[in-house]
1. Only one of these is in contact with a Lys or Arg (Cβ under 6 Å, 6 or more places away or on another chain), farther than 18 Å from Leu175 by Cα and either surrounded by fewer than 15 Cβ atoms within 10 Å (Cβ to Cβ) or at pLDDT 85 or above (or both): Ile89, Ile79. Name it.
2. Just to confirm my filter: which strands (runs of 3 or more DSSP E) fall fully inside the stretch 140-208 and include at least 3 residues that are of a type outside the set (Phe, Trp, Tyr) and either under 18 Å from Asp106 (Cα atoms) or modelled with pLDDT under 95 (or both)?
3. Under 6 Å by Cβ, and 6 or more places apart or on different chains, what pairs join a residue from the stretch 196-208 that is closer than 26 Å to Glu170 by Cβ with one that is assigned to a strand (DSSP E or B) and charged (D, E, K, R)?
4. I'd like the full set of residues that are among the hydroxyl-bearing types (Ser, Thr, Tyr) and in contact (Cβ under 8 Å) with a residue 12 or more places away in the chain, limited to the stretch 37-68.
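The values are calculated or read from the model by the stated rules, or taken from the named source; none is laboratory data. Computed from a predicted model, the values in this text were never measured in an experiment. Ideal geometry is used to build each Cβ from the backbone, glycine not excepted, and the neighbour counts take in all protein chains shown.
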Amino acid sequence: MRLKLRNQLVGLLAFVGSLLYWGCEENSLPEPRDGAPIVVLSAELDGMSFSHSAGLDSVVAETEVVDNQDLRLWKFSMIDQRQRHFGRIDLYIRNHQVPFEDPFPDLQQTVEMDSFNYAFLLPPIDADPFQTKRVEVVLTTIGGVVYESILLPQQQSFFNIESTQSLVREGRQYLLTGLQFDCQLVNADSLDTLRLRSLQANLLFGGI
């Protein structure tokens, strides 16, 4: 069973990679004003607690929109350049609307207060794996090993958006998003897992 699952995971890696990163244009987030951090993230990773603020202590954040035919992904990334607890965390929120709305209205309709399901590609594959209100989490460790949520069914996980607020910074439109989530991540090669618990964050999506 373990070998079968590994073969299925490896077979999907190229598909997942091209899906998530095709058509990306990353957008660095603005620096905090008056020394107050806008983007903050705290969680527990396999029992180790951490808290980071973008723009402080060598932590940076980026956001982008990824369009791939009938799929639009809103992406947020936090990168710890000093690699104390992780290399980077990437969040993807999917919108399957066709045709797409203009970017900012589309963002507001997609990243809204609600509970979201985790996307899941392995058996059984959903009849419509790109349904709305689907999210993905990708964590890259200090050593560069990638762990993904999309490869597990996430029966005991959750992802809740609790608040949203429109912001304009340096001429770009963002959606400040308060959220909580909990998920299990797996490395496709080793099948090793990590648990990301009690994550609470204020993040920015958009940059349009």
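1. Working: Ile89 fails: in contact with a Lys or Arg (Cβ under 6 Å, 6 or more places away or on another chain).
Going through Ile89, Ile79 in turn, the sole match is Ile79.
2. Values: elements: 146-148, 158-169, 172-186, 193-206.
By residue number, 158-169, 172-186, 193-206.
3. Close Cβ pairs satisfying both conditions: Gly207/Arg172.
4. Answer for the stretch 37-68, where residues must be among the hydroxyl-bearing types (Ser, Thr, Tyr) and in contact (Cβ under 8 Å) with a residue 12 or more places away in the chain: Ser42, Ser53, Ser58, Thr63.
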